[in-house]
Amino acid sequence: MKLDLKTKTIGNAYLWMEEIDSTNEELKRQAAAGAVHGTVLAAGYQTNGKGRRGRTWDSPKGDNIYLSILLRPDLQPAEASMLTLIGALAVADSIKETTGADCQIKWPNDLVLAGKKVCGILTEMSTGADGIQYVIVGIGINVNRSIFPEDIAHMASSIEKGQGREAIIASLLFHFEEKYDKFLKYKNLAPFVEEYNERLAGIGRQVQILSGGEGVIRTSHGIDEGGALIVTDEEGKEEKIISGEVSVRGLYGYV
Ligand code: BTN
């Protein structure tokens, strides 16, 4: 698959595989074998696509995007977790640019259109005695897709094909690199808080914070520069929710 890339580094090494178990897993293997910073691996379909929290990512053939980016950043592991939010912003920009659609972000990193998820991001990291060895940002975008497995059909959706898969990938890598370079200067999300909160689903409203089955209702006020979600309880007391095992839902459904 030929890309019209407008990046400096990200995607200079670009690998396309029609079939793979998981682009994240294959890129981990390539990273262990010495693949360079900025290597991008995309696939036509995945036989064992991975989602967050041990879930699977249904990855059939079609126009969907399954793509992983290998980074070798000079960051602390805690800082690298913010790259997922950078990825979400880059995907949102590329969808806007190539299809015209304005996605919302469901904190921390699901992209939603009309209340349904169209993209998920799985960031994985390998660390050693000297800190981070590599980070892989894996991005799955449903493109032109109408059939979903029964368990996710109520909350999954798809973007339009727009200018096509290659154009979406090229735009995504361009926006990712632009934001990544800026992020490395700050090592926090300060320059992105405003644009992120403009896209944040549920901001200014009540949301459910779910942790291991237990749910509490809080008002969402958007992210801080570390990527935590700032919420207040009914007495106005502020809390910061850190991404991890917690999930945030709307009061009446997924968003
Ligand atoms: C989520 O659970 O929302 C994250 C889904 C991430 C899916 C992408 S598809 C490309 C990359 N390879 C994988 O196996 N997973 C990620």
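Okay, here's what the table says:
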read-out: Inter-residue pairs, beta-carbon under 9 Å, first more than 22 Å from Gly236 (Cα to Cα) and in contact (Cβ under 8 Å) with a residue 60 or more places away in the chain and in segment 191-217, second outside any helix (DSSP H, G or I) and of a type in the set (Val, Ile, Thr), 6+ apart; value: Phe192/Ile223; Tyr196/Ile105; Tyr196/Ile223; Arg199/Ile105
read-out: Restricting segment 107-135 to residues that are more than 10 Å from the chain's Cα centre (by Cα) and within 12 Å of the ligand (Cβ to nearest atom), the residue that is nearest to Glu79 (Cα to Cα); value: Glu124
read-out: Selection within segment 31-62 - surrounded by 16 or more Cβ atoms within 10 Å (Cβ to Cβ), more than 13 Å from the ligand (Cβ to nearest atom) and among the aliphatic types (A, V, I, L, M); value: Ala31, Ala35
read-out: Qualifying residue in segment 8-24 (condition: within 16 Å of the ligand (Cβ to nearest atom), assigned to a helix (DSSP H, G or I) and crowded, with 23+ Cβ neighbours inside 10 Å); value: yes
read-out: Extreme residue, nearest to Ala31 (Cα to Cα), among residues of segment 153-166 that are surrounded by 14 or more Cβ atoms within 10 Å (Cβ to Cβ) and within 16 Å of the ligand (Cβ to nearest atom); value: Arg165
read-out: In segment 167-181, the residues that are surrounded by 17 or more Cβ atoms within 10 Å (Cβ to Cβ) and either β-branched (Val, Ile, Thr) or farther than 12 Å from Glu97 by Cα (or both); value: Ile168, Ile169, Leu173, Phe176, Glu177, Glu178, Lys179, Tyr180
read-out: Strands (runs of 3 or more DSSP E) enclosed by segment 87-181 - at least 3 residues per element that are of a type in the set (S, T, N, Q); value: 116-128
read-out: Ile230 vs. criteria in contact (Cβ under 8 Å) with a residue 12 or more places away in the chain and either farther than 23 Å from Leu83 by Cβ or of a type outside the set (Phe, Trp, Tyr) (or both); value: no
read-out: Yes/no for Gly131 being in contact (Cβ under 8 Å) with a residue 12 or more places away in the chain, surrounded by fewer than 16 Cβ atoms within 10 Å (Cβ to Cβ) and out of contact with any strand residue (DSSP E or B) (no Cβ under 8 Å at 6 or more places or on another chain); value: yes
read-out: In segment 206-243, the residues that are of a type outside the set (D, E, K, R), in a loop (DSSP other than H, G, I, E, B) and within 20 Å of Gln104 (Cα to Cα); value: Gly226, Gly227, Ala228, Ile242, Ser243
read-out: Condition check for Glu79: in contact with a Lys or Arg (Cβ under 6 Å, 6 or more places away or on another chain), in contact (Cβ under 8 Å) with a residue 40 or more places away in the chain and not in a loop (DSSP other than H, G, I, E, B); value: yes
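Bear in mind that the values in this text are calculations on the coordinates, not laboratory data. None of the values given here were measured: they were computed from a predicted structure. Every residue, glycine among them, receives a Cβ derived from its backbone with ideal geometry; neighbour counts consider all protein chains shown.
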